[in-house]
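Worksheet: one structure, shown below.
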Amino acid sequence: MRRLRDPEAPLIEVRASALHGLGVFAAQRIRKGTRVIEAGVGGNAARFVNHACQPNCESVIEDHRVFIEAVRTIEPGEELTYDYQIQREVDDPPDVDAIFACRCGSARCRGSMLWPARRLEARGRTAARSRTARR
C-alpha cells in the first residue's frame, strides 16, 4: 500500500546536525526532483542546508530565484545536503582548505567545500612550472 504525502504536514524541519550546527532534515519522504525550498531573500530554512561531497540535493537557479531540489529520493529523518562548490581563487590564503574543511564523512569526501578539489597556483608560478616541465 502506497502512502500519499500529507500536503498539510511539513516537508522539512531544522534541527541540530552532526555535520555542522543546524541542518535541514526530511520530515517525510521527498521524491527525486522535488523542489524542497526556495532560498528566500532575508533568509529561511534553506540557509541551514549543509554541504556534502555526495549530496542528495542541488541548488537550481531559475528566473533569478534559487531553489533546493532533491537529486534522489530522501527518506524521513535524513539530512538534506548540497555541494557548495565554493570557487577557489589564486589569492586564497594558505590555510583556505582548513577554513573550508568538509566533514561530511562520505566515501568520496574531498575534504573541502572548495572547488576544484585541489589548490590553484598563482599564474606566474604555474607558467614557470609549465616551462620547466617541457624542458
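Which of the strands (runs of 3 or more DSSP E) found entirely inside segment 44-108 contain at least 2 residues meeting this: more than 14 Å from residue 20 (Cβ to Cβ) and in the same structural domain as residue 25 (by TED's automatic domain parsing)?
Values: elements: 57-62, 65-70, 79-82.
Fully inside segment 44-108 and qualifying: 57-62, 65-70.
Screening 17, 59 for residues that are surrounded by 14 or more Cβ atoms within 10 Å (Cβ to Cβ) and free of Cβ contacts under 8 Å to residues at least 24 places away in the same chain leaves exactly one candidate, 59.
Please verify whether residue 55 is at pLDDT 95 or above and within 15 Å of the chain's Cα centre (by Cα), treating the condition exactly as stated. Step through it out loud before you land on a result.
Numbers: at pLDDT 95 or above: yes; within 15 Å of the chain's Cα centre (by Cα): yes.
Taking the combined requirement at face value, the residue satisfies it.
Can you go through 25, 48 and tell me which one is closer than 15 Å to residue 67 by Cα and within 16 Å of the chain's Cα centre (by Cα)?
Among 25, 48, only 48 is closer than 15 Å to residue 67 by Cα and within 16 Å of the chain's Cα centre (by Cα).
Considered as a group, the residues in segment 30-43 that are assigned to a loop (DSSP other than H, G, I, E, B) and among the aliphatic types (A, V, I, L, M) include one that is surrounded by the fewest Cβ atoms within 10 Å (Cβ to Cβ), and that residue is 41.
The values are calculated or read from the model by the stated rules, or taken from the named source; none is laboratory data. Small disclaimer: the values here were computed from a predicted structure and weren't measured. Cβ sites come from the backbone with ideal geometry, for glycine too, and all protein chains shown count toward neighbours.
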